[in-house]
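Colleague: Right, I'll just put the structure down here and ask away after.
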Amino acid sequence: MRLILLGAPGAGKGTQANFIKEKYNIPQISTGDMLRAAVKAGTPLGLEAKKVMDAGGLVSDDIIIGLVKDRLKQADCANGYLFDGFPRTIPQADAMKEAGVGIDYVLEIDVPDEAIIERMSGRRVHQPSGRTYHVKFNPPKVAGKDDMTGEELIQRDDDKEETVKKRLAVYHDQTEVLVDYYNKWAVSGQPGAPKYRKIAGVGPVDT
Ligand code: AP5
Ligand code: ZN
C-alpha cells in the first residue's frame with residue numbers, strides 16, 4: 001500500500017499515520033519528523049532547516065526531494081510507504097511522478113482553520129518516535145509522558161500561535177493546490193493514477 005496523507009498543519013496526519021502504518025506494515029515517511037531529527041542532531045541540514053521551520057516557511061524543494069528519494073531506497077519501503085506532510089508543493093509532487101514513485105491512495109484530511117490553533121497549542125510529542133498526543137483530545141496515560149516508553153513529551157518549537165498562523169497561510173498558498181492536482185490525476189483514467197478520498201478530520205481520533 002502506497003499512500004499520501006494530505007492536509008493542513010494540525011489536521012491529524014501524524015496521528016492517523018500511526019494507525020495506518022501498523023495496519024499495512026509500511027513505514028511512515030514524515031518529512032517534518034526527518035527535519036526535526038536533523039535539527040536535533042545538529043547537522044548542517046538541521047541548522048539550515050531550523051530557521052525556516054521556526055518561521056513557519058517551507059524548506060527548499062531540492063533538499064526535501066533529495067531526502068525522500070534517499071529514504072525510498074531503504075529496504076523497508078519495498079512493501080509500500082505512507083507519506084506524511086509530503087509532497088507539499090507542485091514541484092515535489094512532479095518530482096515523485098517523474099521518478100515513477102507509485103501512489104495508490106491520496107487521503108485528504110479536512111479540518112477547518114478555526115480548529116487548528118487549539119489542536120496545536122495542546123499538542124505534545126514524543127520526539128524519538130514522533131508519537132503525538134493532545135492534552136485534551138488525546139491525552140497520554142500519564143501526563144507529560146509517552147505511553148510506550150514513559151519518556152518525556154515536548155512541545156514543538158513551531159507550535160506558537162503566531163507560527164501556526166503563518167504555517168496555515170503557507171498551506172493555503174502552496175500546498176492546497178495539490179488537492180486539485182491529485183483530484184484531476186485521480187479522475188484522468190491514466191494508468192497508475194491514484195484514488196482520491198477526502199475525509200472529515202473533525203471527529204474523534206478513532207473514528
Ligand atoms: P510537519 O511536521 O509536516 O508539520 P505540518 O504539516 O505542519 O503538520 P503537523 O505535524 O503540525 O500536523 P499533523 O497533521 O501531523 O497533526 P497531528 O497528528 O500532529 O512540518 C513541519 C515543518 O517542516 C514545516 O512547517 C516545514 O517548515 C518543514 N517541512 C516538512 N515537510 C516539508 C516539505 N515536504 N517541504 C518543505 N518543508 C517541509 O495532530 C495535531 C494535534 O491535534 C495533536 O495534538 C493531536 O493529538 C490532535 N488531534 C489529531 N487528531 C485529532 C482529532 N480528530 N480531534 C482532536 N484533536 C486531534
Ligand atoms: Zn505531523
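The values are calculated or read from the model by the stated rules, or taken from the named source; none is laboratory data. Since the model is a prediction, treat every value here as computed from it, not as a measurement. Backbone-built Cβ (ideal geometry, glycine too); neighbour counts: all protein chains shown. These area figures cover heavy atoms from the full protein model, side chains too; ligands, DNA and RNA do not enter into them. Shrake-Rupley method; radii C 1.70, N 1.55, O 1.52, S 1.80 Å.
Colleague: Note down all Cβ pairs under 7 Å where the first residue falls in the range 86-111 and is farther than 30 Å from Pro204 by Cβ, the second is in a strand (DSSP E or B), and they're at least six residues apart or on different chains.
Modeller: Cβ pairs passing all conditions: Gly102/Arg2.
Colleague: Moving to a separate point now. For the list (1) on the phi < 0 side of the Ramachandran plot; (2) without any contact (Cβ under 8 Å) to a residue 60 or more places away in the chain, I need the number of the one condition that Gly14 fails.
Modeller: Of the numbered conditions (1) on the phi < 0 side of the Ramachandran plot; (2) without any contact (Cβ under 8 Å) to a residue 60 or more places away in the chain, the odd one out for Gly14 is (2).
Colleague: Mind listing just one residue for me: the one in the range 104-132 that is part of a strand (DSSP E or B) and open to solvent by 20 Å² or more (accessible area, probe 1.4 Å) and, of those, nearest to ligand 2 (Cβ to nearest atom)? Break it down stepwise before answering.
Modeller: If we filter the range 104-132 for residues that are part of a strand (DSSP E or B), which is where we start, we get 105-110, 123-126, 131-132.
Add one more test, that the residue is open to solvent by 20 Å² or more (accessible area, probe 1.4 Å), and what stays is 105, 107, 110, 123-124, 131-132.
Values: Tyr105: 18, Leu107: 14, Asp110: 16, Arg123: 9, Arg124: 13, Arg131: 11, Thr132: 7 Å.
Step by step, filter the range 104-132, then rank; the result is Thr132.
Colleague: Only one of Ser60, Ser129 is hydroxyl-bearing (Ser, Thr, Tyr), farther than 21 Å from Ile199 by Cβ and free of Cβ contacts under 8 Å to residues at least 12 places away in the same chain; which? Walk me through how you get there before you give the answer.
Modeller: Details: Ser129 fails: free of Cβ contacts under 8 Å to residues at least 12 places away in the same chain.
When all the criteria are applied, what remains is Ser60.
Colleague: Find all pairs meeting these conditions: Cβ atoms under 7 angstrom apart; at least six residues apart or on different chains; first residue within the range 158-172 and free of Cβ contacts under 8 Å to residues at least 40 places away in the same chain; second residue assigned to a helix (DSSP H, G or I).
Modeller: Once the first residue is free of Cβ contacts under 8 Å to residues at least 40 places away in the same chain and sits in the range 158-172, its partners that are assigned to a helix (DSSP H, G or I) give Asp159/Met120; Asp159/Ser121.
Colleague: Continuing with the same structure: May I ask you to list the residues in the range 59-103 that are open to solvent by less than 50 Å² (accessible area, probe 1.4 Å) and part of a loop (DSSP other than H, G, I, E, B)? Give the derivation first.
Modeller: Within the range 59-103, the first condition is being open to solvent by less than 50 Å² (accessible area, probe 1.4 Å), and the residues that meet it are 59, 61, 64-68, 71-72, 77, 80-87, 89, 92-93, 95-96, 101-103.
Once the filter is applied, which keeps residues that are open to solvent by less than 50 Å² (accessible area, probe 1.4 Å) and part of a loop (DSSP other than H, G, I, E, B), the range 59-103 yields Val59, Gly80, Gly85, Phe86, Pro87, Thr89, Val101, Gly102, Ile103.
Colleague: Mind checking which residues of the range 79-91 are more than 16 Å from ligand 2 (Cβ to nearest atom) and at pLDDT 95 or above? Spell out how you get there, then give the answer.
Modeller: Step one: filter the range 79-91 for residues more than 16 Å from ligand 2 (Cβ to nearest atom), giving 79-80, 89-91.
Answer for the range 79-91, where residues must be more than 16 Å from ligand 2 (Cβ to nearest atom) and at pLDDT 95 or above: Gly80, Thr89, Ile90, Pro91.
Colleague: Condition first: near ligand 1 (Cβ under 7 Å from one of its atoms) and of a type in the set (Asp, Glu). Now tell me which residues in the range 1-59 satisfy that.
Modeller: Asp33
Colleague: Please enumerate the residues belonging to the range 1-27 that are open to solvent by 40 Å² or more (accessible area, probe 1.4 Å) and not acidic (Asp, Glu).
Modeller: Met1, Arg2, Gln16, Asn18, Phe19, Lys21, Lys23, Tyr24, Asn25, listed by residue number.
Colleague: When the range 148-200 is examined, which residues are found to be modelled with pLDDT of 95 or more, closer than 26 Å to Gln92 by Cβ, of a type in the set (Gly, Ala, Ser) and open to solvent by less than 70 Å² (accessible area, probe 1.4 Å)?
Modeller: Correct list: Ala169, Ala186, Ser188, Ala193.
Colleague: Could you tell me how many of the residues in the range 1-45 are within 9 Å of ligand 2 (Cβ to nearest atom), part of a loop (DSSP other than H, G, I, E, B) and of a type in the set (A, V, I, L, M)?
Modeller: 1
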